[in-house]
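The structure appears below as structure tokens.
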Amino acid sequence: MVSLFLFLVPWTPCAVLRVCEPAAMLSVTLPENDPVILPVCCSPLGALVRPDGEGPSPSLPGPALREASRRWAWSSLEAPGWKLLQSDRFAVRGDAPLENLRECAACLEAFLAAMRRSLGGDLPDGRFNVRIFASGPDFRLYSTLAGAPNAESFYDPRTAEIVICLDPPRGPEWLRKTLAHELTHLYMDRVWGRTGPLWFAEGVAEYFSGFRVQEGRVCPGAVDAGSLRRLREREPLPLADFLRLGREELYGSSFAFLHAQAWSFVHYLFARGDGLVDLLMRGGELEDVAALERGWKEHVKKLE
């Protein structure tokens, strides 16, 4: 799954965007006078999605989370078939079967624990919001009203909500990677107030969507074979040029290759372990780009 951290069409503020079907609970209340914040979309339709057969599919969630999910409270919402499941840190709304919602919430709890260990920061009060559609047409209407008409999943900073569609089914690996990717965007925004720079936001999301499970814990940073292959088929952009890419360039026709470069550079920054990721998360800027480029290229050569 190669997701795009897209800021899509310009947004005209309105008081309420309302979905008429299946019911009024699918409404998005947007501020009238706040500065324009464009929706953040990932995995647009037509994007390259890794099939389930590419690479191992980690076992998630573990027995402890499966057991914990049994006590998570749920209730029916006004719209037919829609439910609200509340786990420890997430409020998951969806019209998918309850077991699907529990599985998603358990995975999100596991990913959240990994992000807290790796990225730090203080969690805000309350639960993180997630909306899961079982119907493709309903999701398409909702995503269009949210300004993300071509997405198959997205995080919207205006509503601080992850939105995912399970139609058509793409397998457990796609779902887990997508949940990890979108949660990374939410975490960076809600915990650190970061939605950019875009290469960093997308690179970190790709870093966390590649993971392995060791002793029941999610460990991010697994090598992405697809991204590595793209980098070895084509010469990456000079780092100084890459760091200056704008939205249209980063999400244009070369998005798969550029997101592979973002993943690899962020992978290198995490591997350094010298605080550069924390510096960027706090709004700092990189220095001595030439030295970083040499180290990054050597790092990529060693990845398998």
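The values are calculated or read from the model by the stated rules, or taken from the named source; none is laboratory data. As the structure is a computational prediction, the values presented were derived from the model and not from experiment. Every residue, glycine among them, receives a Cβ derived from its backbone with ideal geometry; neighbour counts consider all protein chains shown.
State which residue pairs qualify: first residue under 16 Å from ALA160 (Cα atoms) and modelled with pLDDT of 95 or more and inside region 107-127, second residue surrounded by fewer than 19 Cβ atoms within 10 Å (Cβ to Cβ) and among the hydrophobic types (A, V, I, L, M, F, W, C) in any location, beta carbons under 6 Å apart, and separation of 6 or more residues or different chains.
Hits for this filter: ARG127/ALA91.
Is it fair to say GLU78 is in a loop (DSSP other than H, G, I, E, B) and farther than 27 Å from GLY221 by Cβ?
For GLU78, the condition - in a loop (DSSP other than H, G, I, E, B) and farther than 27 Å from GLY221 by Cβ - is met.
Inside region 177-230, can you point out the residues that are β-branched (Val, Ile, Thr) and not in a helix (DSSP H, G or I)?
Result: THR195, VAL213, VAL218, VAL223.
Of all residues in region 243-269, which are of a type in the set (A, V, I, L, M, F, W, C) and either buried (at least 22 other Cβ atoms within 10 Å of the Cβ) or not in a loop (DSSP other than H, G, I, E, B) (or both)?
Answer for region 243-269, where residues must be of a type in the set (A, V, I, L, M, F, W, C) and either buried (at least 22 other Cβ atoms within 10 Å of the Cβ) or not in a loop (DSSP other than H, G, I, E, B) (or both): LEU250, PHE255, ALA256, PHE257, LEU258, ALA260, ALA262, TRP263, PHE265, VAL266, LEU269.
For residues that are of a type in the set (Asp, Glu) and not in a helix (DSSP H, G or I), scanning just region 270-304, find the one that is farthest from the chain's Cα centre (by Cα).
Ranking the candidates gives ASP288 first.
Picking from ALA180, ALA240, ALA222, which residue would you name as being out of contact with any His (no Cβ under 8 Å at 6 or more places or on another chain) and closer than 20 Å to LYS297 by Cβ?
Only one candidate qualifies: ALA240.
Where residues in region 231-242 are in a loop (DSSP other than H, G, I, E, B) and charged (D, E, K, R), which of them is surrounded by the most Cβ atoms within 10 Å (Cβ to Cβ)?
Residue satisfying both the conditions and the ranking: ARG234.
Looking at (1) farther than 24 Å from PRO172 by Cα; (2) buried (at least 17 other Cβ atoms within 10 Å of the Cβ), which is the only condition SER227 fails?
It fails just one condition, (1).
Among the candidates ARG282, ARG212, single out the residue that is under 28 Å from PHE111 (Cα atoms), at pLDDT 95 or above and surrounded by fewer than 16 Cβ atoms within 10 Å (Cβ to Cβ).
Matching residue, one of ARG282, ARG212: ARG282.
Quick one: would you say GLU67 is modelled with pLDDT under 90 and assigned to a loop (DSSP other than H, G, I, E, B)?
Criteria not met by GLU67.
Among the numbered conditions (1) buried (at least 21 other Cβ atoms within 10 Å of the Cβ); (2) acidic (Asp, Glu); (3) closer than 19 Å to ALA68 by Cβ, tell me where ASP88 comes up short.
(1)
Within the set of pairs 6 or more residues apart or between chains, which connect a residue that is on the phi < 0 side of the Ramachandran plot inside region 128-147 to a residue that is part of a helix (DSSP H, G or I) and among the small types (Gly, Ala, Ser) with Cβ atoms less than 8 Å apart?
VAL130/ALA105
Restricting to region 104-146, count the residues that are out of contact with any Phe, Trp or Tyr (no Cβ under 8 Å at 6 or more places or on another chain), within 20 Å of GLY193 (Cβ to Cβ) and surrounded by 22 or more Cβ atoms within 10 Å (Cβ to Cβ).
0
Give me a count of the residues in region 245-285 that are closer than 20 Å to GLY121 by Cβ and of a type outside the set (Val, Ile, Thr).
Within region 245-285, residues that are closer than 20 Å to GLY121 by Cβ and of a type outside the set (Val, Ile, Thr) number 15.
Among residues belonging to region 167-188 that are modelled with pLDDT of 95 or more and aliphatic (A, V, I, L, M), point out the one that is farthest from GLU202 (Cα to Cα).
Among those that are modelled with pLDDT of 95 or more and aliphatic (A, V, I, L, M), it is LEU179.
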